[in-house]
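One structure is given below, encoded as structure tokens.
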Amino acid sequence: MKAGEIASVIEAFAPLRLQESWDNSGFCIGDGESEVHKALVGFDCTPELIDEAFRTGADMVITHHPLIFGGIKKISSATLTGRTVIKAIKGGVTVYACHTNMDKVVGGVSGNTASLIGLRDIEVLDSDEDGNGLGIIGTLPSPVPASEFLSGMKAALGLKLVRHSRLPLTPVRRVALCGGSGRQFISKAKEAGADVYVTADVSYHDFYAPDGMMVADIGHFESEAKIVDVICDIVREKIPNFAICIASESNVNPVYYF
């Protein structure tokens, strides 16, 4: 099977035209004409992921975060990106990424998280004219104390910890979230009537949240990593005769907690 056939079913779900201008989704190494016998889906493209591709016999790697974001002046073993590029090219592994385009569709990163924590009646938080965009807002089945919401979210997403602002005194019902770095939408979440805004990469001063709304930071990796399973499901469903699509076992959060 051609790599382009696999890419096309992903792009039917999350078109490349949706990606942010600074992003680099699509083929990072190789192209659509590459022959693929097995695909491995991971979160970040690292030397460890390429090694896993070798072990499992995968000749295509699909990740959320692109291997190459901007211009590269040198490709050498002195950098993580360089080591990964060299290893992939030497091993004949095609590398493809679906990043902000997968962030901006309803069933993508934020929509999947919304489903996992039980939100209903979801809408895109920062939508364009076609209804695509970053973030999701929805409602819980019934109002719950903020502490109960946090406990339930930790269990649903397998979180070790949650950084958050002061607990609101009233129960929460309306929840906004944005996978990855979404601190820029704190005000929009408040304007949309959110009682809680869940995202990652929140700065110190952002925890002085707007009155009546709690801000919760669950971590960048934690807020997006489950998209790996979504990507696998898309490929398996749309190309049932290409059943050899596997989720990586080496997805590792680069942030450690002591």
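The values are calculated or read from the model by the stated rules, or taken from the named source; none is laboratory data. Predicted, not measured: the structure shown is a model, and the values here were computed from it. Every residue, glycine among them, receives a Cβ derived from its backbone with ideal geometry; neighbour counts consider all protein chains shown. Ligands, DNA and RNA are excluded from the accessible area calculation, which covers all protein heavy atoms including side chains. Shrake-Rupley method; radii C 1.70, N 1.55, O 1.52, S 1.80 Å.
What to note about this one:
- Boolean, residue 118 is touching a Leu at 6+ places or on another chain (Cβ under 9 Å), in a strand (DSSP E or B) and either more than 30 Å from residue 171 (Cβ to Cβ) or modelled with pLDDT of 95 or more (or both): no
- Screening the candidates 53, 39, 58 for the property of being open to solvent by less than 10 Å² (accessible area, probe 1.4 Å), under 18 Å from residue 247 (Cα atoms) and without any contact (Cβ under 8 Å) to a residue 60 or more places away in the chain yields one hit, 53.
- Taking the criterion of being out of contact with any strand residue (DSSP E or B) (no Cβ under 6 Å at 6 or more places or on another chain) and either free of Cβ contacts under 8 Å to residues at least 12 places away in the same chain or assigned to a helix (DSSP H, G or I) (or both), the residues of the stretch 134-148 that qualify are 147, 148.
- Only one of the numbered conditions (1) open to solvent by less than 70 Å² (accessible area, probe 1.4 Å); (2) under 20 Å from residue 25 (Cα atoms); (3) modelled with pLDDT under 95; (4) outside any helix (DSSP H, G or I) is not met by residue 131, and that is (2).
- Summed over the stretch 196-207, residues that are open to solvent by 40 Å² or more (accessible area, probe 1.4 Å) and either within 14 Å of residue 168 (Cβ to Cβ) or at pLDDT below 95 (or both) total 1.
- Residue count, the stretch 17-36 (criterion: part of a helix (DSSP H, G or I) and either more than 25 Å from residue 111 (Cβ to Cβ) or open to solvent by 50 Å² or more (accessible area, probe 1.4 Å) (or both)): 1
- Residue in the stretch 72-80 that is among the hydrophobic types (A, V, I, L, M, F, W, C), open to solvent by 70 Å² or more (accessible area, probe 1.4 Å) and over 20 Å from residue 23 (Cβ atoms) present: yes
- Screening residue 223 on (1) open to solvent by less than 30 Å² (accessible area, probe 1.4 Å); (2) at pLDDT below 95 shows it passes everything except condition (2).
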